[in-house]
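Report on one structure; see the data block that follows.
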Amino acid sequence: MDKLIEVLNDIDDSIDYENEVALIDDHLLDSFGIISLVGELEDVFDISIGAEEMTAENFNNVESLWKMIQRLQEEA
């Protein structure tokens, strides 16, 4: 999960990702940030994030992002 935090900090280092923050619900990531994040996650974790994965449930916090990454890695 440390690598995920590192990727998130590269996108926006003003957010304290270690604490339970609602990235989508609290509008901490805008649409450009999400698109950037998807590209970085795909590159770093060697996964493919389809449109069906682009939900608030998957992107709202670090824990949900990490679960999605792990699931996509297992499916690959």
Tell me, yes or no, whether region 5-16 has at least one residue that is among the hydroxyl-bearing types (Ser, Thr, Tyr), within 22 Å of GLN73 (Cβ to Cβ) and assigned to a loop (DSSP other than H, G, I, E, B). no
Looking only at residues in region 48-66 that are more than 24 Å from GLU20 (Cβ to Cβ) and not hydroxyl-bearing (Ser, Thr, Tyr), which one is most open to solvent (accessible area, probe 1.4 Å)? GLU52
Every pair of residues 6+ apart whose Cβ atoms lie under 7 Å, when the first sits in region 4-17 and is over 13 Å from VAL62 (Cα atoms) while the second is open to solvent by 20 Å² or more (accessible area, probe 1.4 Å): ASP10/GLU40; ILE11/SER36; ILE11/GLU40
If I filter region 28-47 down to residues being open to solvent by 90 Å² or more (accessible area, probe 1.4 Å) and not in a helix (DSSP H, G or I), which single residue comes out as nearest to GLU75 (Cα to Cα)? ASP46
Can you tell me which of (1) part of a loop (DSSP other than H, G, I, E, B); (2) surrounded by 11 or more Cβ atoms within 10 Å (Cβ to Cβ) is the one ASP25 doesn't meet? (2)
Can you find a residue in region 24-43 that is touching a residue at least 40 places away in the same chain (Cβ under 8 Å) and either among the aliphatic types (A, V, I, L, M) or under 14 Å from ASN60 (Cβ atoms) (or both)? no
Test result for ILE69, over 19 Å from ASN19 (Cβ atoms), open to solvent by less than 80 Å² (accessible area, probe 1.4 Å), out of contact with any strand residue (DSSP E or B) (no Cβ under 9 Å at 6 or more places or on another chain) and not in a loop (DSSP other than H, G, I, E, B): yes
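The values are calculated or read from the model by the stated rules, or taken from the named source; none is laboratory data. It should be emphasised that the depicted structure is a prediction, and the values quoted were computed from it without experimental measurement. In this analysis, Cβ positions are derived from the backbone assuming ideal geometry, glycine residues included, and neighbour counts consider all displayed protein chains. Please note that ligands, DNA and RNA were not included when accessible areas were found on the heavy atoms of the full protein model with its side chains. Shrake-Rupley method; radii C 1.70, N 1.55, O 1.52, S 1.80 Å.
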